[in-house]
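Nothing in this text is a laboratory measurement; each read-out follows from the coordinates by a stated rule. Given the structure is predicted, the values throughout are model-derived calculations rather than measurements. No Cβ is skipped: glycine too gets one built from the backbone with ideal geometry, and neighbour counts run over all protein chains shown.
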């Protein structure tokens, strides 16, 4: 409870006890209710404004967070696309290298996928297929240049008379050597 300052009452110290009681009963003092009302109103206003700012901040943070989330999603999508394009580029580069090495289109595609994907088994399979194709191609090209041997006939040797009729000396000597080789070295 607040104490009453008696010095604010004129002549309080010279009054009798009854007069002092009457003066105290009639004393109107400022209890600060008007000041309290002003302060309460100011506090209420500040609280209301703070709540309003908090709501705005939360709404703004939600918008910012939403925008940030959208940006992060867009960034993740772009990174996935970049990774896909880099993978395609590596496959394309590897395929071009395999085509240059002599692989056919299908084998080069399989080998490039396996090479860039780290699939050693598929790459080994593609290399074996390539090796087999190269061996077959090599055999075919070697066989294409060779004449087909005649089967079941013995080489026809010239007779001594035919050999002696040859006018070219080098050709005649070669025919004599062939005749002697076929007849055990005798002429």
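In table form, for the structure just shown:
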| item | result |
| --- | --- |
| Estimated D of the chain in µm² per second, where Rh is the Kirkwood radius over Cα pairs and Stokes-Einstein applies at 25 °C, 0.890 mPa s | 81 µm²/s |
| Taking the stretch 45-141 and dividing mean pair separation by its residue count, relative contact order in percent (alpha carbons under 8 Å, at least six apart) | 16 percent |
| Cα-based helix-to-principal-axis angle, 169-182 vs the chain, degrees rounded to 10 | 90 degrees |
| Efficiency of FRET from Cβ geometry, residue 183 and residue 143, R₀ 30 Å, rounded to 0.05 | 0.35 |
| Residue-averaged 222 nm ellipticity for the chain, from DSSP H runs of 4+ at -39500 (n - 2.57), nearest 500 | -25500 deg cm²/dmol |
| Dmax and Rg, reported as Rg then Dmax, of the stretch 77-187 (C-alpha, Å) | 29.6, 94 |
| Taking 6, 186 and counting other C-beta atoms within 10 Å, the order from fewest to most | 186, 6 |
| Per-peptide average of other Cβ atoms within 10 Å, ordering 102-114, 161-173 highest first | 102-114, 161-173 |
| Viscosity 0.890 mPa s, temperature 25 °C, Stokes-Einstein D of the stretch 58-114 from Kirkwood C-alpha radius, µm²/s | 177 µm²/s |
| In degrees, nearest ten, helix 33-100 long axis to first principal axis of the chain (Cα) | 0 degrees |
| Debye intensity ratio in log₁₀ form over the Cα atoms of the stretch 15-99, taken at each q of 0.20 Å⁻¹ | -0.97 |
| Distance histogram in 5 Å bins (all Cα pairs of the stretch 45-141, percent per bin) | 3, 12, 12, 12, 8, 7, 6, 5, 5, 5, 5, 4, 4, 4, 3, 2, 1, 1, 0, 0 |
| Contour minus Cα-Cα distance for residue 75 and residue 45 (0.36 nm per residue) | 6.4 nm |
| Helix 120-144 axis, angle to the chain major axis (alpha carbon atoms, nearest 10°) | 20 degrees |
